[in-house]
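Presented below is the structure to which this report refers.
The values are calculated or read from the model by the stated rules, or taken from the named source; none is laboratory data. Since we're looking at a predicted model, the values are computed, not measured. Heads up, the Cβs are rebuilt from the backbone with ideal geometry, glycines too, and the neighbour counts pull from every protein chain shown.
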Amino acid sequence: MNEPIITAKDVRLHYGDFEALHGINLEFARGEITAMIGPSGCGKSTFLRCLNRMNDLIDSAKVSGDIRLDGQDIYAPDTDVVKLRKRVGMVFQQPVPFPFSIYENVIYGLRLAGVKDRAKLDAAVEKSLRQAALWDEVKDKLHDSALGLSGGQQQRVAIARVLAVEPDVILMDEPTSALDPISSTQIENMLLELREKYTIIIVTHNMQQASRISDRTAFFLQGNLIEYAPTKKIFMNPDKKETEDYISGRFG
Amino acid sequence: MRQEFSQELKTLHVDFSELGMMVNAVVYKSAKAFINHDKDLAREVIDSDYLINERQMSLEKRCFELIALQQPVTSDLRLVVTAMKASSDLERMGDHAVSIAKSTIRVKGNTRVLSIESDLRKMADAVKKMSDEVLDAYVHDDEERARAIATEDHGINDFSRKIYSECIENMKQNVDTVVGGMDYMLVASYLERIGDYVTNICEWIVYLKTGKLVELNSSTEEDQF
């Protein structure tokens with residue numbers, strides 16, 4: 001395993017009185033793709049959202065435990081959440097195009113950060129769109145509305161928007177579940193390309209996707225981390241019966 | 001969906017066992033035919049080989065379909081892979097039975113050496129025992145048993161070596177036994193190969209149960225004539 005970039009210790013999350021995560025311990029290796037799988041309601045997306053403090057936006061959600069990014073406690077009182085989310089970007093299930101041009105969509109984060117230099121912005125747009133494997137398709141219509149793109153293209157715009165701010169970690173919550181197989185494959189290929197530079201943590205319901213692209217797989221069930229191991233092991237010969245039953249479709 | 005898949009896996013398991021029984025029957029018949037100089041029985045073995053080949057191909061084809069359509073993982077995948085790989089071992093055992101049957105037809109009329117034939121009979125019995133046992137171990141997913149069965153292959157190899165030296169000895173003393181002796185040696189080596197295939201199947205049973213690919217009876221110190 002590469003050295004960990006994110007270390008989570010005994011992470012618990014309560015929605016009011018309900019404990020949704022029962023003490024998760026997990027380390028994410030730098031430069032690897034980690035897949036988090038499990039049936040709906042198992043806590044994998046909730047846990048993913050803990051990693052860039054997305055759950056702060058939900059009033060009833062209370063997180064305890066310790067989550068460190070490069071050794072820094074991300075729940076420390078002096079943490080700048082905006083900076084944190086710049087380092088730990090997120091891509092959602094449904095592509096969220098803003099009602100502006102493709103160009104403006106991609107540099108949205110940079111504009112927020114106050115970047116005004118045109119050349120810098122142009123360069124960032126091209127670089128991020130290339131990384132998101134979308135440049136060739138949209139280079140001649142950068143100033144058209146992003147709303148006119150297909151779902152797969154919109155999702156790649158969303159990824160380019162995250163890449164433009166040069167994060168260290170990219171969190172993805174079922175990024176291809178709303179896409180057709182061809183768009184999904186494009187995104188999977190892109191993730192494999194990005195793996196060298198970024199740490200990617202992906203929640204997916206697609207077992208084959210997890211087995212195709214991830215280095216490690218974490219299996220969640222009812223708020224617990226059941227098994228976490230190299231993906232090959234999980235899909236060939238997992239230690240836990242629950243893992244085996246879930247990935248071979250015997251329940252869930 | 002899953003229920004149907006589980007049913008198909010069960011059917012695959014049963015079909016594999018049936019193929020195994022067919023193969024064991026021809027191994028037994030071919031050895032019996034050779035020992036009793038029974039040309040008709042030998043022909044029966046040769047003529048029925050296509051049934052085994054067809055069965056094996058249909059089983060293999062179904063494995064491919066299951067892999068493509070159901071994308072099995074973990075123990076399901078192992079079951080499919082085991083059926084696929086071990087069935088080709090079974091099919092090869094059938095081919096060796098055919099070779100023994102062909103020797104039977106050739107050997108008729110040659111000068112016989114009774115002591116060698118007696119050893120061949122014992123060897124054939126030992127091979128038959130092994131191949132019966134391995135099917136039982138497969139049906140019961142019995143890894144320990146599979147490992148134990150594989151060790152019986154040492155005895156088969158001992159027979160093989162013994163028969164080889166006996167044949168050479170006889171050929172030296174009486175040139176009339178050369179032609180028949182060659183066939184004795186061939187049959188012993190076919191039986192020995194069948195024992196090796198049974199050992200392969202034992203290895204697949206270990207894989208089925210544990211997910212580990214093992215080499216039982218490493219050939220480096222074995223089979224040295």
Restricting to segment A:94-106, name every residue that is modelled with pLDDT under 95 and buried (at least 17 other Cβ atoms within 10 Å of the Cβ).
A:P95, A:P97
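Results for (1) at pLDDT below 95; (2) surrounded by fewer than 14 Cβ atoms within 10 Å (Cβ to Cβ); (3) in contact with a Phe, Trp or Tyr (Cβ under 7 Å, 6 or more places away or on another chain), shown as yes or no for each residue.
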{"residue": "A:N2", "(1), (2), (3)": "yes, yes, no"}
{"residue": "A:I5", "(1), (2), (3)": "no, no, yes"}
{"residue": "A:A8", "(1), (2), (3)": "no, no, no"}
{"residue": "A:D17", "(1), (2), (3)": "yes, yes, no"}
{"residue": "A:I33", "(1), (2), (3)": "no, no, no"}
{"residue": "A:G41", "(1), (2), (3)": "yes, yes, no"}
{"residue": "A:G65", "(1), (2), (3)": "no, no, no"}
Among residues of segment A:165-214 being assigned to a loop (DSSP other than H, G, I, E, B) and of a type in the set (A, V, I, L, M, F, W, C), the residue farthest from A:G43 (Cα to Cα) is A:V165
Please verify whether segment B:116-126 includes one or more residues that are hydroxyl-bearing (S, T, Y), out of contact with any Asp or Glu (no Cβ under 7 Å at 6 or more places or on another chain), modelled with pLDDT under 95 and under 18 Å from B:T177 (Cα atoms).
yes
From the list A:G223, A:G249, which residue is in contact with a helix residue (DSSP H, G or I) (Cβ under 6 Å, 6 or more places away or on another chain) and on the phi > 0 side of the Ramachandran plot?
A:G249
Working carefully through the options B:D49, B:D76, B:D40, find the one that is under 30 Å from A:K233 (Cβ atoms) and among the acidic types (D, E).
B:D76
Given the conditions (1) at pLDDT 95 or above; (2) within 14 Å of another protein chain (Cβ to nearest Cβ), which single one is not true for B:P72?
(1)
Within segment A:231-241, is there a residue that is among the hydroxyl-bearing types (S, T, Y) and free of Cβ contacts under 8 Å to residues at least 12 places away in the same chain?
no
Determine if segment B:85-99 includes at least one residue that is among the aliphatic types (A, V, I, L, M) and in contact with a His (Cβ under 8 Å, 6 or more places away or on another chain).
no
Looking at A:N224, A:N237, A:N189, can you tell me which residue is of a type in the set (S, T, N, Q) and under 24 Å from A:T7 (Cβ atoms)?
A:N224
Kindly check whether there is at least one residue in segment A:88-108 that is in a loop (DSSP other than H, G, I, E, B), closer than 26 Å to A:P230 by Cα and in contact (Cβ under 8 Å) with a residue 40 or more places away in the chain.
yes
Can you spot a residue in segment A:54-70 that is under 25 Å from A:G31 (Cβ atoms), within 14 Å of the chain's Cα centre (by Cα) and not hydrophobic (A, V, I, L, M, F, W, C)?
no
Identify, please: which residue in segment B:134-175 is among the aliphatic types (A, V, I, L, M) and over 22 Å from B:G20 (Cα atoms) and is, among those, nearest to the chain's Cα centre (by Cα)?
B:I163
Residue identified as within 14 Å of chain B (Cβ to nearest Cβ) and either under 30 Å from B:K209 (Cα atoms) or crowded, with 21+ Cβ neighbours inside 10 Å (or both) among A:T204, A:T243, A:T176, A:T199:
A:T243
Only residues in segment B:1-17 that are within 14 Å of chain A (Cβ to nearest Cβ) count as the first member; pair them with residues that are surrounded by 12 or more Cβ atoms within 10 Å (Cβ to Cβ) and of a type in the set (F, W, Y), Cβ under 7 angstrom, at least 6 apart or cross-chain, and list the lot.
none
Just name the residue that is surrounded by the fewest Cβ atoms within 10 Å (Cβ to Cβ) out of those in segment A:215-240 that are within 14 Å of another protein chain (Cβ to nearest Cβ) and part of a loop (DSSP other than H, G, I, E, B).
A:D239
